[in-house]
Each structure stands twice: as C-alpha cells, then as structure tokens.
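The block underneath contains the structure these notes are about, expressed in structure tokens.
The values are calculated or read from the model by the stated rules, or taken from the named source; none is laboratory data. Fair warning: this is a prediction, and the values are worked out from it, not measured in the lab. When we count neighbours, we look across all protein chains shown, and the Cβ atoms used for this are built from the backbone with ideal geometry, even at glycine.
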Amino acid sequence: MVRINGEMIDASGKSIAQLLEALGYSPQRVAVELNVEIVPKASYSETFVKDGDSVEIVRFVGGG
Amino acid sequence: MIPTYEEIYSALAERHGAELQKKLSLARTAVCGLGGLGSNIAVCLVRAGVGHVRIIDFDRVDISNINRQQYFLEQIGQYKTDALYEILKRINPYCEVVRTNVRLNEKNIPEILASEDVICEAFDDPESKAELVNCVLERLPEKYLIAASGMAGLFSANAIKTRKIAKRFYLSGDGESDVSEGTGLVSSRVMVCAAHQAHKAIQLINEEFQEEQK
C-alpha cells in the first residue's frame, strides 16, 4: 500500500504520471513529493511508487 | 516629517523585541505576483520591518483589482511593481524594496530569486503557481517557499490553513476553492490567506534565521 495525501491506496508499481491520471489531477497544476523529496516534473513517467512509500500531491487552484 | 531610520527601527524593536527585529531587518524576501495575495503579503512584511523585499510582477493596476489589492484609484494603469513600491516606501522608506518587472518562468526564476531567502508564491493562475513551486523546489532547494492554493469565495475564513509539505515548503489556503468556479475573490478571505503566508514567513525568519545572517 502507498500513502497518498494521507490515504492508503493500492498503487504499488504505478508511475507518478499514472497516479495523477488515475486520481484525476492535471500534471500542469501540481507539485509532487515522494517520501518528502520533490519529484521533478520531467520524471513523472519514470518514477514508480512501491509499498510503504508516501506521496504528497499538492494541487493548485486559481485565485490570488 | 519622516522619522529617521533609527526612530523607526527602535519603534519596531520595542514591539517585536531586539532579537526578532534584528532577524527581520536582515531577512531577504521575495513576493512573486502582486495581486490580492502578493500586495497584501508585501505590506505585512514591510510593516513588520523586514529589511529586503523583492516585488515581482509584469502587470499593471486595473480597476478590477481595487476590491482586494492594496492599490489606490490614482494608480490605475501603473505597473504594479511601481505602484506597490510607492505604497511600501510610504510605510517604511528604509526598507530595501527591489522592483522586478518581469513575468517569471522556469528559465528566469533561478537567477532572479538566487539571492532571496524566503519566497512567497502569490500568483493567481494555477499553472503559473505550479511552475514556480516546482522550479524552486527542484532548482533552489535551500530556499524557504510559501505557496497558496484555494482562497476564493465566501466560505469560512477558518478553512484557510497553513501546512508544512516538505522541509522548507509550506502551503496556505483551503486547497479547494477555485476562482474559476464562479465564487470570485473577496478582499477579506484573500487577505486571510495573504496574512497566513506573511505570518509563516515571519515565523520562519524568527525560528530559522540567525541574528548575524548576512
């Protein structure tokens, strides 16, 4: 199980890009931390999560 | 008659204590985007006696900004950097306010923000927000970064929180209320979020900075 924004999800083996798509996030409007390290945008397709990982997806909405 | 540097400094130090005031006066901050968030963040920082504020925007003051941004009617048409510079200098003429009149992008961000310590993300467009945050986290990992997401509408002001996302990355807002969903931006709620960001900046300067820094 992978902890995604505090919730345990069966996502082991998926890439960050796949996770974002499955959870309905726009890759252009997020920042993603994997185990408290930033995942570079260019690496979303080649970065895979495994059991025990913790992912934080920060979503930006408009307004400021 | 405008007070001297020493008079303003000692008035601030009397409020904040000598130790905090020293740290604030040595802090280098940047505000990226000078709208409802950024103009209010910058005013908070300068009122608190932060010694250096870089203000960054490419846009001009518009009549539609007046409902929530710090500008005055006679400033309509001016560059926001110039208009806010005037306002900040009226609050504290001895604060080093640096105007950067550009549109930030991932190419110019590392150079423009290289010498700042605390960076406030205050854009309105979600893709610009994400671009700045990703660029700072990837390229300038030693910086403190305080971003915002979700402050539109008339929802509870108490829903706006600041949380720590990573070692030096904080996020203010409710995370959800999007301006594009028709709720609009109301001065009070935008200012709550701006104040959250400015307050986190001041807390970090107090907690993480040394008095002798720079």
| In the range B:117-128, how many are in a helix (DSSP H, G or I) and touching a residue at least 12 places away in the same chain (Cβ under 8 Å)? | 2
| Which of the following residues is of a type in the set (Gly, Ala, Ser) and surrounded by 14 or more Cβ atoms within 10 Å (Cβ to Cβ): B:SER115, B:SER188, B:SER177? | B:SER177
| When you look at B:SER172, is it modelled with pLDDT of 95 or more, hydroxyl-bearing (Ser, Thr, Tyr), more than 15 Å from the chain's Cα centre (by Cα) and not in a loop (DSSP other than H, G, I, E, B), yes or no? | no
| said: Among the listed residues B:GLN210, B:GLN203, B:GLN197, identify the single one that is part of a loop (DSSP other than H, G, I, E, B), closer than 18 Å to B:VAL118 by Cα and either within 11 Å of chain A (Cβ to nearest Cβ) or not aliphatic (A, V, I, L, M) (or both). | reply: B:GLN210
| note | Counting only residues that are within 16 Å of B:ARG60 (Cα to Cα), surrounded by fewer than 21 Cβ atoms within 10 Å (Cβ to Cβ) and aliphatic (A, V, I, L, M), the range B:80-112 contains a total of 2
| query | Only one of B:ARG99, B:ARG28, B:ARG90, B:ARG47 is in contact with a Ser or Thr (Cβ under 6 Å, 6 or more places away or on another chain), within 29 Å of B:THR4 (Cβ to Cβ) and of a type in the set (Lys, Arg); which? | reply | B:ARG99
| message | Which residue is farthest from the chain's Cα centre (by Cα), if the candidates are limited to the range A:34-64 and must be within 30 Å of B:THR183 (Cα to Cα) and charged (D, E, K, R)? | response | A:ARG59
| task | Output yes when any residue across the range B:105-116 is touching a residue at least 60 places away in the same chain (Cβ under 8 Å) and in contact with a Phe, Trp or Tyr (Cβ under 9 Å, 6 or more places away or on another chain), and no when none is. | result | no
| field | All positions within the range B:129-145 that are assigned to a helix (DSSP H, G or I) and within 24 Å of B:VAL190 (Cα to Cα) | value | B:LYS129, B:ALA130, B:GLU131, B:LEU132, B:VAL133, B:ASN134, B:VAL136
| field | Spans of strands (runs of 3 or more DSSP E) in the range B:1-110 with at least 1 residues of a type outside the set (A, V, I, L, M, F, W, C) and more than 23 Å from B:LYS129 (Cα to Cα) | value | B:96-100
| task | Select from the range A:23-64 the residues that are facing another protein chain (nearest Cβ under 7 Å), part of a loop (DSSP other than H, G, I, E, B) and over 17 Å from B:ALA147 (Cα atoms) and list them in ascending order. | result | A:PRO40
| said: Cβ-Cβ distance below 8 Å, separation of 6 or more or different chains: which pairs start in the range B:171-191 with a residue that is more than 7 Å from chain A (Cβ to nearest Cβ) and in contact (Cβ under 8 Å) with a residue 60 or more places away in the chain and end on one that is hydrophobic (A, V, I, L, M, F, W, C) and loosely packed, with under 15 Cβ neighbours inside 10 Å? | reply: B:VAL186/B:LEU154
| task | Identify the single condition in (1) more than 10 Å from chain A (Cβ to nearest Cβ); (2) closer than 22 Å to A:SER43 by Cβ; (3) in contact with a Lys or Arg (Cβ under 9 Å, 6 or more places away or on another chain) that B:ASN105 does not satisfy, given that it satisfies every other one. | result | (3)
| request: Output the qualifying pairs, or none if there are none: Cβ atoms under 6 angstrom, residues six or more apart or on different chains, first residue in the range B:137-160 and more than 7 Å from every other protein chain (Cβ to nearest Cβ), second residue buried (at least 16 other Cβ atoms within 10 Å of the Cβ) and of a type in the set (Lys, Arg). | output: B:TYR144/B:ARG168; B:ILE146/B:LYS200; B:ALA157/B:ARG189
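Condition first: over 21 Å from B:LYS200 (Cβ atoms) and either within 10 Å of another protein chain (Cβ to nearest Cβ) or modelled with pLDDT under 95 (or both). Now tell me which residues in the range B:108-130 satisfy that.
B:ASP125, B:GLU127 - these are the residues of the range B:108-130 that are over 21 Å from B:LYS200 (Cβ atoms) and either within 10 Å of another protein chain (Cβ to nearest Cβ) or modelled with pLDDT under 95 (or both).
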